[in-house]
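Trainee: Sharing a structure, written as C-alpha cells. Questions coming.
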Amino acid sequence: MNYKAELNDEQYEAMLCTQGPVLVSAGAGSGKTRLLTYRVAYLITDCGVPAQKILAITFTNKAANEMKERIAKIVPDGGLVTVCTFHSFCARMLRTYSSFLKDYKENFSIFTETDSNKIFKDLFKQMDIVDEETKSNFKHNVSTIKNENMTVEEFVKIYSYSPAMREFEKFFNAYQAELVKNNAMDFDDLLVNFYNLIRSNPEILESIQNRYEYFSVDEFQDTNKLQYDIIKLLASKSRNLLIVGDEDQSIYGWRGANIDNIFQFTRDFKEAKVFKLEQNYRSTKKILERANLIIKNNKNRLDKKLFTENDEGAEVYYYPAMNEAEEADFVVHTIIQRHNQGVAYNDMAILMRLNALSRAFEEKLLTYNIPHIMYNGFKFFERAEIKSVLSYLTAVVNPTDDLSFLRIINFPKRGIGDTSIDKLVDIASSSKRSIKDVVMNYEYEVLPKPLKDKLKPLKELLQDLDENINKMGIYEFFTYLINRSEIMSSYDKDNEQEYERMLNINSLVNSVREFEENNEGATIVDYLQNVTLSSAMDDDDGKGVVIATVHSAKGLEFNTVFVVGCEEKIFPISREDNDDLEEERRLMYVAVTRAEKELYLTSSGSRFMYGKREYSVKSRFLYELDLAKERKYEPNLQYNSFNKGFNYSPKFSEAHYSNNFQNKGDNMNTIGSNNNQSYNYTFKKDTVEKKTVDLSKIKLGARVNHPKFGEGKIVEISTGSSNHTVKIKFDTVGEKMLSLDYAPIEFID
C-alpha cells in the first residue's frame, strides 16, 4: 500500500512510529481519523500485528462505526480490530468477568441519565432535600467523585468545610445502594467498576494486556481522570499507546474532561514522541485565519498554527442585529439565499452557546417552511413509549431492576393506581425482594382482591415471556412481546399523538430487526446495552438545517455555519476564572472550525432572556477575531407603521459596508420582520429566487394558507418596489409577520 500517497509528511511519520508511546496533537480538520485508520492498516499488513491485538478507543458509537468501516475497506482482517467507546469496552469486560464482581450479577442493567434522575428524585424526597441548588450540587458531586476516581470518603474529607458534606455522604451511599439493589450501573459506574476490577485482580489485567498489545485513544482531550487511569493501566505492559487529541478543542471540562491529561501523558510517558498535525483539509484560508487569531490568546496549549492548501474563500461575515428577531431574520434569509445558490439545507448549521437561544431560529425556519433538525434533541430511546417497551425486555433479563419494572406495571394501562403500586413497593422493600418477585407471587401476599385480579394477567404475561426468551431470536421474541402484551392496540390510531407513538414503536421493532441482522449471535442483553450506549445523534435523518449547541456540534462540519448570540454573558458565558474563559475561547474556536466554505457570526443589541429584556455587549471574541473592530453599529430611529410607533432600524457606517455585503455589489432588497419591528437586510438580487407576487391579491382580509400554520387572513400590509410584507392572523397560531416574497403562502380564492 502506498501510504505516502494517502498521508501528508507529518501523518506518515506518526504512522511509522508504532513502538512505544506517541502523542499526536491534531488540529481541527487535520485528518486524524485518516491517520488512525492507516496506522491500524500499517500495523496489520506491514508489521504483522494480528488484528485481534489492537484496541482503538473512540468517544462516540458513531465515530467507532465510521472507523470500523474505514478499516474494513482497506484491511482484509480489519473487522477483527476492537473499535469501541470507553463505556462499551468497560461494559463488555465487566460482563466477561462478571463472576469476579462483588455486588453485581451477569445481566446487570445500565441506567441512563433519566433512570438516575428518577432515583435522585426519590432520594431528595426521602431526605427532605428541597433546595434546588443543593440538589444540583449533589447530582454533580456524584459524577465528579466517579470521574475523578475518588471515594466518597476522600471527597468529603477534601470539602469537609462544607456543612452539607455529611448529608451528601448519606445521599451518595443511598444512591449506590439503590443501584446495587436494582443490579444496575450508571454510565460512570461502568468505568469505576472496571478500573476496580483490573486493579484488584492482577490476573484479569494481565489477561487483557496479553490480548491487546497496541492501544490508541481518539479525542484524548475529552478524557477524564478515570479514563486516563484505565488506559494508562491497560497499556502499562506494552507501552504501545497512541493518543490523538487537540487541546484547542477541549470543551467538556464541565462534565469531567481534563485537558491536563494531554500534558500528564508526557510526564507519565517521558519517552513519548510528539507529532503536530497542522494542515487543515476542511476550511478555507479566510476561516482558518480567524481560527488562529482567536485560539492564540489561550496559554494552556501546545504551540501550533493551522494552515491549508484550500482556496482563500469568502470573507468571514459579522452581522450586528438589533434584537433576536432581527438576528433570526438575517440568518434564515441568508439560508434561503445560500440554498438557492445550491447549498443543501443539511449542509448548513446554526450554532449557539446556549440552547435557550434556539426558539427564535426555530420559529423563523418554521415560518418559511425550511426543514430543520434540533441536534441532540429529545433522543429516540429516551421517549416514554420506547423506554416502556424496552423495560419489558429488561424485566425479563434482569428481574431485580425495579425501576424498569415500575414502567411496565401499568403499561398498557391496567388500572393499577399509585396506592396499589406503593403497596407493592413497600412489600418488596420490607421483604428485600424485587417488585417483580412480589408480582409473580401475588397470590401469597396480603393484597386486596381487586388488585390481585389486575395482577393476574401481568403475571401470566411475564411467565410467558420468561418461558420464551430463550426459544426465539431477538426479533422474533420482540415481535412476540409486542403482540402478546397488546401494546399497540392500547393506542388510538385516530389520535395524532398516539399514532405517532405507534410509529415510534414500529421504528423500534425495525431497529431490533436490523440489530439482529447485523450482529449474528447477539442476545437481548447485547441489544439493550447497544441502545443504552447509543450516541446522541443516532436517530436524526439529516435532511434539514442543523440547530445545535457548539458542544453537540463538535466533530461535525458544514459548508455554511452561523455562530449566533456572540455577546458577553452568552458567548462567553460570564466567567471569572481564567481556565473557564480559555474553555469558552476553545468553544468559539470549535464553532469557527466547523465551517468549510462560509462563516457568519451574529450578535443582538438586546435580548429577551430569563424573563426580561436587556441590552447586550458584543462578545470579546468578536474583537479577538478581528471582526468587531472596524464595524460600527449606529441605530437609526424610524417610524414603523406596523405598531404605530417609533423603533430602531439598523444603519451601517462606511466601515461596515466595506467589510460586509456591500463590497460585493449587493443591494438592499428584503424586509424581515416580526410582530413588533421591521428591519432592512442585504441580499443578492441575482441569487435569491423571489416568488412572483400577484399584487392584486394583497389586500386586507384576504384569506391565505400556510403549510405549517394553516389558514388565516391578512390584517396589515406593507408593500414596496422590492418587498411585500404582511401581518397575517392565523386561525390557530395567532399573528405572524411574513415576507410574501419568500414565505410559502398560497392565496385562497
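The values are calculated or read from the model by the stated rules, or taken from the named source; none is laboratory data. For clarity, every value in this text was computed on a predicted model and none was experimentally measured. Because the Cβ atoms are built from the backbone with ideal geometry, glycine has one as well, and the counts that use them run over all protein chains shown. The accessibility values were calculated without ligands, DNA or RNA, using every heavy atom of the protein model including side chains. Shrake-Rupley method; radii C 1.70, N 1.55, O 1.52, S 1.80 Å.
Trainee: Any idea which residue in the stretch 242-266 is farthest from I573 (Cα to Cα), counting only those that are assigned to a helix (DSSP H, G or I) and open to solvent by 10 Å² or more (accessible area, probe 1.4 Å)?
Mentor: T266
Trainee: Taking the stretch 111-151 on its own, how many of its residues are part of a helix (DSSP H, G or I), open to solvent by less than 20 Å² (accessible area, probe 1.4 Å) and more than 20 Å from N193 (Cα to Cα)?
Mentor: Here the count works out to 4.
Trainee: So the check is Cβ under 7 Å with 6+ separation or different chains; which pairs have a first residue in the stretch 316-328 that's touching a residue at least 12 places away in the same chain (Cβ under 8 Å) and a second one that's of a type in the set (D, E)?
Mentor: Sorted first by the residue in the stretch 316-328, then by its partner, the pairs are A321/E327.
Trainee: With the requirement that a residue be open to solvent by less than 10 Å² (accessible area, probe 1.4 Å) and either in a loop (DSSP other than H, G, I, E, B) or under 20 Å from G31 (Cβ atoms) (or both), what does the stretch 285-297 give you?
Mentor: Passing the criteria: I287, L288, A291, I295.
Trainee: Given the criterion modelled with pLDDT under 90, of a type in the set (G, A, S) and either within 22 Å of V525 (Cα to Cα) or open to solvent by 70 Å² or more (accessible area, probe 1.4 Å) (or both), identify the matching residue among A72, A91, A64.
Mentor: Only one candidate passes the filter, namely A64.
Trainee: Taking the criterion of being more than 28 Å from F194 (Cα to Cα), open to solvent by 60 Å² or more (accessible area, probe 1.4 Å) and of a type in the set (D, E), would at least one residue in the stretch 36-47 satisfy it?
Mentor: yes
Trainee: Okay, next question. Identify, by number, the condition in (1) open to solvent by less than 30 Å² (accessible area, probe 1.4 Å); (2) without any contact (Cβ under 8 Å) to a residue 12 or more places away in the chain that I487 doesn't meet.
Mentor: (2)
Trainee: So, one more: Among the residues of the stretch 607-642 satisfying the criterion of being in a strand (DSSP E or B) and in contact with a helix residue (DSSP H, G or I) (Cβ under 8 Å, 6 or more places away or on another chain), which is modelled with the lowest pLDDT?
Mentor: Taking the stretch 607-642 as the starting set, the residues that turn out to be in a strand (DSSP E or B) are 607-609, 612-615, 618, 633-640.
Now restrict to residues that are in contact with a helix residue (DSSP H, G or I) (Cβ under 8 Å, 6 or more places away or on another chain): 607-609, 633.
Values: R607: 82, F608: 69, M609: 62, Y633: 38.
The selected residue is Y633.
Trainee: Consider only pairs whose beta carbons are under 6 Å apart and that are at least six residues apart or on different chains; among these, list those whose first residue lies in the stretch 550-563 and is within 22 Å of A328 (Cβ to Cβ) and whose second residue is open to solvent by 10 Å² or more (accessible area, probe 1.4 Å) and part of a strand (DSSP E or B).
Mentor: N559/E596; N559/K597; T560/E598
Trainee: Let me ask another. Being open to solvent by 50 Å² or more (accessible area, probe 1.4 Å) and in a helix (DSSP H, G or I) is the filter here; which residues of the stretch 94-110 pass it?
Mentor: Within the stretch 94-110, T96, S99, F100 qualify.
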